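Contents: one structure, followed by commentary.
The values are calculated or read from the model by the stated rules, or taken from the named source; none is laboratory data. On a predicted model such as this, the values are computed, not experimentally measured, just so you know. Every residue, glycine among them, receives a Cβ derived from its backbone with ideal geometry; neighbour counts consider all protein chains shown.
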Amino acid sequence: MADSKIAKDKIPELLKAVSADYELYAPTAEDGTIAFRRIDSARQATLDYRNTAVSAKELFLPRAEVVYEFDGEKFLDDALLDQKRVVFGMRPCDCRALALLDLNFDTEQIKDPFYVTRRQNTVVVALACNEPVSSCFCTAVGSGPYSDQGADVLMAEAADYLSARAITDKGKDFMKQYGKLFSADGSADWKKLAKEAEDKIKRKPEFGNVKASLDERFENDIWEDISQKCLGCGACSYICPTCYCFDLVSEKTAGRIRKVKTWDCCMFGLFTLHASGHNPRPVNSARLRQKLMHKFNYYRERYGVDGCVGCGRCVRKCPVNLDIREVIEQVAAAPNATTEE
Amino acid sequence: MPQRKNEIAMRNPYRPILTEIEKITIENEARDLKTFRLAFCHAESADNFRYECGQFAELTIFGVGECPIGIASSPTDRGYLEFTVKRYPDGLVTNALHNCCVGTRIGVRGPLGNCFPTDRMEGSNVVIVGGGFAFTTLRSTIRYILHEKNRGRFEKVTLVYGARSPGELLYKQELERWQGRDDIETHITVDKGDETWTGKEGFVPAVLKEVAPNPDNAIALVCGPPIMLKFTLPVLTELGFGSGEIITSLENRMKCGIGLCGRCNIGSKYVCKDGPVFTYEQVQALPAEM
Amino acid sequence: MTSAQDQIRETAAQLLSEGKADLVIGFSQGTRTMRTTPCFVTEADDAGQLVWNSYCSNNLAVYLPKCFAPDPRLREQEPPPKVAIIAKGCDGRSAVGLITEQQVPRENLIIIAAPCEGMLDADLAQQLVGQNQIVSAAESNGTITVKDDTGKETKFDRKDLLAEACRFCKHRAAPVHDIAIGELGQTDGPLAPDERFEEFVNKSTAERWEQFSGELSKCILCNACRSACPNCYCKVCFADQTRPDWTGSGRKFSDVISFHLGRMFHQAGRCVDCGACVRACPVGIDLRTFTYRLVADAQELFGHVAGLDLEQSPALRTFGADDSDNFITEPE
Amino acid sequence: MAEQNNNDWNPKIVAFLCNWCSYAGADLAGVSRMQYAPDVRIIRVPCSGRISPLHILSALHRGADGVLVSGCHPGDCHYISGNLVARRKFSMLKNFIEHVGIEPERVQFSWVSAAEGARFAGLIEKVVENVKRIGPSKMATVTAQ
């Protein structure tokens, strides 16, 4: 399908039409924060944003969701999402994160029905990124400001219009459904736009050999050094679009027992604590190592890709400016024999 | 019933099946080890729950929580499941479970994880080494092997099992029955006996060395506390067992039990999904984070 | 006259080379504009990494309990290290609090008081600049000139970029210190009246609840506020306890509220109003409007100001025979 | 919820009473056959000093419409100073929860001695009346925006 285009001033009309047919989520600016919120007549989307403070992961993996409800005799029907949704304006990094989450939650042997229904019922309309910020490093992890992975439709902002390209069948259906709002000739110079955007990413950390360098440095004093400043909070994980680790917690209220799946974080000391008191990762350094290993070593080992999309949120929001780009470089530069002799 | 617009034939992997505690056996003197026999509440779940030796299940105390426990009954035991659970003072679920009485509803999610390689063990001598309460899935395996339908598939079976004291040995009546059989060689030992104890005294590795099972055409299954493993594995290696022929079972804190929640990994391997059964060779390749 | 930064470097190098300190906790250049990052110097040769500027916002006292906590991997613990900390007023007050709460041995701690005129808030500057990203900032005579990625320059008065807690800081200098660097800042009275807090206090109960629950509805339960707080050193936080389970699964909004009320109130009489929780919050919750009540009340009700005095007991660990009874419900 | 007629509605109130004074006071009210509102669930604690603010917050979190904490009068503590330490905590907690917009009536404190059966009955009436006036707790029902 050829690219089509829509004038920027027609976007509100498009979103209005979409919100009549779908549950629509788009970036909005409220209380000084940009976040994906439900768009209805009372709320306007904004296109004037670099990226949202918190990733759109929450729309697919809610911070807490009930995975079963039991009344003491029988289980109630699973509360699977059955509305059709559109998420408009996700950046390519965040869309690619969905492709990475699919690798974990939607496998041949096992599927998380809650995640999978959310994915299936959601059309992801991505907006390519023309203005990466200084903390972005998507190009270092095999993505880019114009990556179309995980998106159903990718749009690119050019002059006074958006050029749109359907990526998946779901995207094609979406473009067909709203075709009358688009004009057929949407030929923007995507290559040139992508190049310009990529050139704006000034700091390009070298992540090519990160798996090998981590392999060689599991036992290494560098972890102790790097983790010293880490507070062990979950800010980086909770705003990360690819961090998916979760906890299952029981909840009991009158007559109802629920199992709740909540976000969790490998940086928390209790994450791996056994009932016996034994903890395989008893200190911060082991936990920070796990976090990096999971993203840049284990993920690649299991799925052939890094579990990071380079959105830079952790760089922006770390309370102590522990910069993952720098950490990877420091690990790679560390002498790789253990210092114990 | 209203039809979902987007019906997806997906099993909810977080939802347990219902069972009921049928029998509780206190296993040790310290009374912190109990065996729970669970009966399926629905006939179809009894048919669907097909497991193998070495697998585990997540047990749910409704409203309290869930914990992963190795299946102690044998696949040849039909109609019920058995789990031997140690109560830890800090363990939310194990405490609640120990407070349960016969008839309590327990949720079971499973069977989970991989299993002991009974196919590979076929036609081989089997050496089973267990210590303390890490004997549950080994018990399952012994019951399976000794079952009349299966015994012919395996060659010589040697068991070395030890506990701290006579009162801490699991499955005492069963051990006695096994000692009376001639198709399994049993060596039961305790670290320190009491006035009634007439059996062996000594640590498992030392007894194993003395028994010196022949490594030819043999597979060793070893489960026990870390300290026992640390000293037992070198003994087996010394006896000539290859690290691919030594098989053990690991544990870690788990939540989902199906490789999704990202908690129980050692290196890139999930204990819940890629394990809990690993060969010594595989364990040696894992990073030291256990 | 040498700059405070040079003096800090010299002092750190000297302490380390003379063996008076095993570790100096300070700041080094961050990877982002208008940011520094906590820095742990153990060799005199590395003291040159230390910086001192308007962006040294973190409360470094958060690391002190960790320096003296037992290492779970060791059977036999090593003797406690001698630690030096570069301290603003708030770091210093938190350190005093930790000493009085017996988390840090006084004899192993060297407090190096550094001059502080209030630290600047990079996020605030970015917010004022808008969507264009700040790429550099320069300070001269109380004016901050920031440049964004379009090349545009914006000038700010220093006081307009102060972090909120710094704007109302009453104790800029570490009240207890072993070494003083340069001219320590003024130690009495805030730079400005706390309008935001006053405005909140004057609202009706319903309005306050609306604002409180509105702010907390942003919470993602990442625990950054807890982890960034020097006072949060509990071995197992109440929020992580399972028996009893104080805060629920986190699914219900009341779970979130319970966590925050519990966490905040645990700071009663201990909070030094450093703003670490506010800065750490990735979703920008205005926690200070709520926690400041505890600071104000400790002073108002018991004349207690946390972290000024090594002999002082935490406000809620002690009592007075004539403490007020006016909150008591009397039957008719 | 707002439409509810508060007179027909029975609040759930949790009362933490110290073993030595207030619980004995409640006992006295009972054996003296004094009538008071039945909306209070009593939890006996060794001393008002035993009550952590978390207990109070937890009661609200789990759906209590009101919480009452009562101990010995200052100076009369069985443990000498338990209630004095408690008094500091409670006065700060009372201000704090009010500060964040929870009605001050939601959490109430009082001193009742073992001899004050009538005072106890009167206190319960007052506490229940106060809670009824402000209606059901919004803690349990509040949802994020």
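Kindly provide the set of residues from the stretch D:103-117 that are of a type outside the set (Ser, Thr, Tyr), surrounded by 20 or more Cβ atoms within 10 Å (Cβ to Cβ) and facing another protein chain (nearest Cβ under 7 Å), ordered by number.
D:GLN108, D:PHE109, D:TRP111, listed by residue number.
So, of the residues in the stretch B:61-86 that are within 14 Å of chain A (Cβ to nearest Cβ) and either under 20 Å from B:SER249 (Cα atoms) or in contact (Cβ under 8 Å) with a residue 60 or more places away in the chain (or both), which turns out to be surrounded by the fewest Cβ atoms within 10 Å (Cβ to Cβ)? Quick ask: steps written out before the conclusion?
In the first step, residues of the stretch B:61-86 are kept if they are within 14 Å of chain A (Cβ to nearest Cβ); the result is B:61-69, B:85-86.
Going one step further and asking which of them are either under 20 Å from B:SER249 (Cα atoms) or in contact (Cβ under 8 Å) with a residue 60 or more places away in the chain (or both), we end up with B:66-69, B:85-86.
On the way: B:GLU66: 26, B:CYS67: 25, B:PRO68: 24, B:ILE69: 24, B:VAL85: 23, B:LYS86: 20.
Across the stretch B:61-86, the extreme among qualifying residues is B:LYS86.
Conditions: (1) among the charged types (D, E, K, R); (2) at pLDDT below 95; (3) surrounded by 23 or more Cβ atoms within 10 Å (Cβ to Cβ). C:ARG73 meets all but one. Number of the miss?
If we test C:ARG73 against (1) among the charged types (D, E, K, R); (2) at pLDDT below 95; (3) surrounded by 23 or more Cβ atoms within 10 Å (Cβ to Cβ), just (3) comes out false.
What pairs can you find where one residue is in the stretch C:1-14 and hydroxyl-bearing (Ser, Thr, Tyr), the other is not in a helix (DSSP H, G or I), and their Cβ atoms are less than 7 Å apart, with a gap of 6+ or different chains?
C:THR11/C:ILE112; C:THR11/C:ILE179; C:THR11/C:ILE181
Looking at this structure, is C:LEU216 in contact with a Gly (Cβ under 7 Å, 6 or more places away or on another chain) and in contact (Cβ under 8 Å) with a residue 24 or more places away in the chain? Give the derivation first.
Working: in contact with a Gly (Cβ under 7 Å, 6 or more places away or on another chain): no; in contact (Cβ under 8 Å) with a residue 24 or more places away in the chain: yes.
No: the conditions fail for C:LEU216.
Exactly one of (1) crowded, with 24+ Cβ neighbours inside 10 Å; (2) in a loop (DSSP other than H, G, I, E, B) is unmet by C:TRP52. Its number?
If we test C:TRP52 against (1) crowded, with 24+ Cβ neighbours inside 10 Å; (2) in a loop (DSSP other than H, G, I, E, B), just (1) comes out false.
C:ASN231 fails exactly one of the following numbered conditions: (1) within 7 Å of another protein chain (Cβ to nearest Cβ); (2) of a type in the set (S, T, N, Q); (3) under 26 Å from the mean Cα position of the chain (by Cα). What is the number of that condition?
For C:ASN231, the failing item is (1).
Could you please let me know if C:ASP245 is within 28 Å of C:ASP91 (Cα to Cα), over 22 Å from the mean Cα position of the chain (by Cα) and within 11 Å of chain A (Cβ to nearest Cβ)? Steps first, please.
Working: within 28 Å of C:ASP91 (Cα to Cα): no; over 22 Å from the mean Cα position of the chain (by Cα): yes; within 11 Å of chain A (Cβ to nearest Cβ): yes.
For C:ASP245, the condition - within 28 Å of C:ASP91 (Cα to Cα), over 22 Å from the mean Cα position of the chain (by Cα) and within 11 Å of chain A (Cβ to nearest Cβ) - is not met.
All but one of (1) within 14 Å of chain C (Cβ to nearest Cβ); (2) part of a loop (DSSP other than H, G, I, E, B); (3) of a type outside the set (Phe, Trp, Tyr); (4) within 20 Å of A:ALA128 (Cα to Cα) hold for A:ALA45; state the number of the condition that does not hold.
With (1) within 14 Å of chain C (Cβ to nearest Cβ); (2) part of a loop (DSSP other than H, G, I, E, B); (3) of a type outside the set (Phe, Trp, Tyr); (4) within 20 Å of A:ALA128 (Cα to Cα) applied to A:ALA45, the lone miss is (1).
At least 1 residues that are closer than 19 Å to B:LYS200 by Cα and either over 17 Å from the mean Cα position of the chain (by Cα) or at pLDDT 90 or above (or both) in each: list the strands (runs of 3 or more DSSP E) lying fully within the stretch B:103-174 that qualify. Spell out the reasoning first.
Working: elements: B:105-112, B:125-131, B:157-163.
In the stretch B:103-174, the matching strands (runs of 3 or more DSSP E) lie at B:125-131, B:157-163.
Just one of (1) of a type in the set (Gly, Ala, Ser); (2) farther than 20 Å from D:LEU93 by Cα; (3) crowded, with 19+ Cβ neighbours inside 10 Å trips up C:ALA306, so point out which.
C:ALA306 satisfies all of (1) of a type in the set (Gly, Ala, Ser); (2) farther than 20 Å from D:LEU93 by Cα; (3) crowded, with 19+ Cβ neighbours inside 10 Å except (2).
Mind listing whichever residues of the stretch A:88-114 are facing chain B (nearest Cβ under 9 Å) and over 15 Å from A:CYS240 (Cβ atoms)? Break it down stepwise before answering.
So the first thing to find is which residues in the stretch A:88-114 are facing chain B (nearest Cβ under 9 Å), and the list is A:104-105, A:107, A:109-114.
Within the stretch A:88-114, A:PHE105, A:THR107, A:GLN109, A:ILE110, A:LYS111, A:ASP112, A:PRO113, A:PHE114 meet the criteria.
Considering the stretch C:111-140 alone, what residues qualify as being outside any helix (DSSP H, G or I) and without any contact (Cβ under 8 Å) to a residue 24 or more places away in the chain? Spell out how you get there, then give the answer.
Here is the first cut: in the stretch C:111-140, the residues outside any helix (DSSP H, G or I) are C:111-121, C:130-140.
Within the stretch C:111-140, C:GLY130, C:GLN131, C:ASN132, C:GLN133, C:ALA138, C:SER140 meet the criteria.
Table: residues versus (1) modelled with pLDDT under 95; (2) farther than 18 Å from B:ILE258 by Cβ; (3) not assigned by TED's automatic domain parsing to the domain that holds A:CYS308.
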position	(1), (2), (3)
A:LEU47	yes, yes, yes
A:ALA53	yes, yes, yes
A:ALA56	yes, yes, yes
A:GLU65	yes, no, yes
A:GLU73	yes, yes, yes
A:ASP78	yes, no, yes
A:LYS84	yes, yes, yes
A:LEU101	no, no, yes
A:GLN109	yes, no, yes
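Hey, could you check the stretch A:180-216 for residues that are among the polar types (S, T, N, Q) and in a loop (DSSP other than H, G, I, E, B) and say which is modelled with the lowest pLDDT? Even if it seems obvious, please write down each step before you answer.
Residues of the stretch A:180-216 that are among the polar types (S, T, N, Q), as a first pass: A:183, A:187, A:209, A:213.
Narrowing further to those that are in a loop (DSSP other than H, G, I, E, B): A:187, A:209.
Details: A:SER187: 70, A:ASN209: 84.
My answer is A:SER187.
Just give me the residues in the stretch A:281-309 being surrounded by fewer than 18 Cβ atoms within 10 Å (Cβ to Cβ) and more than 28 Å from A:LYS204 (Cα to Cα), in sequence order.
A:PRO282
Among the helices (runs of 4 or more DSSP H) contained in the stretch D:1-118, which hold 2 or more residues that are touching a Pro at 6+ places or on another chain (Cβ under 8 Å) and closer than 24 Å to D:SER137 by Cβ? Write out each step before concluding.
Working: elements: D:22-31, D:53-61, D:82-99.
Here the list reads D:82-99.
Looking only at the stretch A:57-87, which residues are part of a strand (DSSP E or B), of a type in the set (A, V, I, L, M) and away from chain C (no Cβ under 14 Å)? It would help to see each step written out before you state the result.
Of the stretch A:57-87, the ones part of a strand (DSSP E or B) are A:64-70, A:75, A:85-87.
Still in the running and of a type in the set (A, V, I, L, M): A:64, A:66-67, A:86-87.
Answer for the stretch A:57-87, where residues must be part of a strand (DSSP E or B), of a type in the set (A, V, I, L, M) and away from chain C (no Cβ under 14 Å): A:VAL86, A:VAL87.
Quick one: which helices (runs of 4 or more DSSP H) sit completely within the stretch A:273-318 and have at least 1 residues that are among the charged types (D, E, K, R) and within 11 Å of chain B (Cβ to nearest Cβ)?
Output list reads A:284-293, A:299-303.
Being buried (at least 21 other Cβ atoms within 10 Å of the Cβ), in contact (Cβ under 8 Å) with a residue 24 or more places away in the chain, within 7 Å of chain C (Cβ to nearest Cβ) and of a type in the set (Val, Ile, Thr) narrows it down to one of D:VAL69, D:VAL127, so name that one.
The match here is D:VAL127.
Okay, residues lined up against (1) within 18 Å of the chain's Cα centre (by Cα); (2) buried (at least 17 other Cβ atoms within 10 Å of the Cβ); (3) in the same structural domain as C:ASN108 (by TED's automatic domain parsing):
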residue	(1), (2), (3)
C:ILE179	no, yes, yes
C:LYS203	no, no, yes
C:GLU210	no, no, yes
C:GLY214	no, no, yes
C:LYS235	no, no, yes
C:SER258	no, yes, yes
C:GLY262	no, yes, yes
C:GLY269	yes, yes, yes
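Could you grab me the full set of residues in the stretch A:161-179 that are modelled with pLDDT under 90 and in a helix (DSSP H, G or I)?
A:GLY179
What are the pairs, 6+ residues apart or on separate chains, where a residue within the stretch B:215-226 that is surrounded by fewer than 24 Cβ atoms within 10 Å (Cβ to Cβ) has its Cβ under 7 Å from a residue that is in a strand (DSSP E or B) and not β-branched (Val, Ile, Thr)?
That search, which allows pairs on different chains as well, returns B:ASN217/B:ASN125; B:ALA218/B:ASN125; B:PRO225/B:GLY131.
Quick one: C:THR143 ticks every box in (1) polar (S, T, N, Q); (2) outside the structural domain of C:THR37 (by TED's automatic domain parsing); (3) over 28 Å from A:ALA53 (Cα atoms); (4) in contact (Cβ under 8 Å) with a residue 60 or more places away in the chain bar one, so which box is it?
(4)
Which residues, taken from the stretch A:189-212, are small (Gly, Ala, Ser) and either crowded, with 20+ Cβ neighbours inside 10 Å or within 12 Å of chain C (Cβ to nearest Cβ) (or both)?
First, pick out the residues of the stretch A:189-212 that are small (Gly, Ala, Ser): A:194, A:197, A:208, A:212.
Passing the criteria: only A:ALA197.
So, in the stretch C:309-320, of the ones that are surrounded by fewer than 19 Cβ atoms within 10 Å (Cβ to Cβ) and not in a helix (DSSP H, G or I), which residue ends up farthest from the chain's Cα centre (by Cα)?
Quick first cut of the stretch C:309-320, residues surrounded by fewer than 19 Cβ atoms within 10 Å (Cβ to Cβ) only: C:309-314, C:317-318, C:320.
Next cut, not in a helix (DSSP H, G or I) only: C:309-314, C:318, C:320.
Values: C:ASP309: 17, C:LEU310: 18, C:GLU311: 21, C:GLN312: 20, C:SER313: 20, C:PRO314: 17, C:THR318: 24, C:GLY320: 28 Å.
Across the stretch C:309-320, the extreme among qualifying residues is C:GLY320.
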